[in-house]
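This report refers to the structure that appears directly beneath it.
What follows draws every value from the coordinates through simple rules; no lab data is involved. Since we're looking at a predicted model, the values are computed, not measured. Here the Cβ is made from the backbone with ideal geometry for all residues, glycine too, and neighbour counts use every protein chain on show.
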């Protein structure tokens, strides 16, 4: 197959790419800053994310993925074009791009993903369920008989999957993620303490003191925001005990939805999952004591994968290096010239 292979994990929070020779070819944020006047992009990735909430009205920051799917096609295409160019350099042949997507996306959403990567410069494209890549990334072998359950705790969505023999035997996507915790912290401080903070400060609070189970020893953090009374800068202290009820509410809501999806899984697969336990991955799995909380609520042994936030790109990297994983499970790279036919097919569904 002519042209280099590029694997893409395009999430609502981060954008990661790998090649057959480099697992960490791109590790950026899914953000673009653009001029409100011209509509043209100024910077991408972390440099754009830093500008969020820190610029005047002449510069806007947008996130291109919402709930696991492309919400801003124009800038998704632009950011993919920029990073494909960075990875490929001056190569003659167009790249072969493997991109992950949620398990239960619609055909229209598949069409949008295919259209975005081909317009960005891909010569061929292949769509693979992200939960399968995550499973491979946490060490679930494609040869294993019997179901292994994985829960990928993302920024805006959580994906549940049971993988058996290298295929997703059952799966679902829940529209809850770690972003809901950030938002709950922001709402609490504004409503109960008249303190206004941005998303970056909320994430800092979450990472430093939030927990899925109430901490036995209270911890705190000093940070800054804006007074809701006089709009002046303010430094304040927030404790783990103070924010726990709001974190707890979001975790409870997420687990409740997960539990409802588990009820639709066959007894045999669920029994396999109970025997082998659940592996948690994704950035949300970094929340303190998250495995303990899931284990208690679901009554199934749970563990957090090593480097959980990198599980998906690690799995994509394995797929890139082992083409048999694609061939054995019916995945294929589609020529750019044939993608138009595939897009027309999706239009009719």
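Note the full-extension length gain between residue 91 and residue 224 as 0.36 nm times their separation in residues minus their Cα-Cα distance, in nm to one decimal.
Length difference between fully extended and current span is 43.1 nm.
If I stretch the segment between residue 231 and residue 47 completely, what's the gain in nm (0.36 nm per residue apart, minus their alpha carbon distance), one decimal?
63.6 nm
Pop out the Kirkwood hydrodynamic radius of the stretch 182-243 from its pairwise C-alpha distances, inverse of mean 1/r, in Å to one decimal.
One over the average 1/r among Cα pairs gives 11.7 Å for the stretch 182-243.
For the chain, with a Gaussian network of springs between Cα atoms less than 10 Å apart, report the residue from 41, 308, 102 with the top mean-square fluctuation.
Looking only at 41, 308, 102, the biggest GNM fluctuation is shown by 41.
Roughly speaking, what % of Cα-Cα pairs in the chain are separated by over 32 Å, rounded to a whole number? Walk me through the intermediate numbers first.
On the way: 20805 of 60726 pairs.
The calculated P(r) of the chain puts 34 percent of pairs beyond 32 Å.
Could you please rank 316, 59, placing first whichever residue has the fewest other Cβ atoms within 10 Å of its Cβ?
Details: 316 29, 59 17.
Lowest count first: 59, 316.
Only bridges whose two residues both fall in the chain count here: according to DSSP, what percent of them are antiparallel, nearest 5?
The antiparallel proportion sits near 70 percent.
Would you mind computing, in nm to one decimal, how far apart the modelled labels at residue 21 and residue 256 are, each placed 7 Å from Cα along Cα→Cβ?
Calculated label separation equals 5.2 nm.
Alpha carbon centre of the stretch 263-319 versus the stretch 62-85: separation in Å?
So the separation of the two Cα centres works out to 28 Å.
Using 0.36 nm per residue, how much length does the chain from residue 331 to residue 216 gain when fully extended, once their Cα-Cα distance is taken away?
Additional length available on full extension: 36.6 nm.
Among the DSSP beta bridges whose two residues both lie in the stretch 77-217, what percent are antiparallel, rounded to the nearest 5?
70
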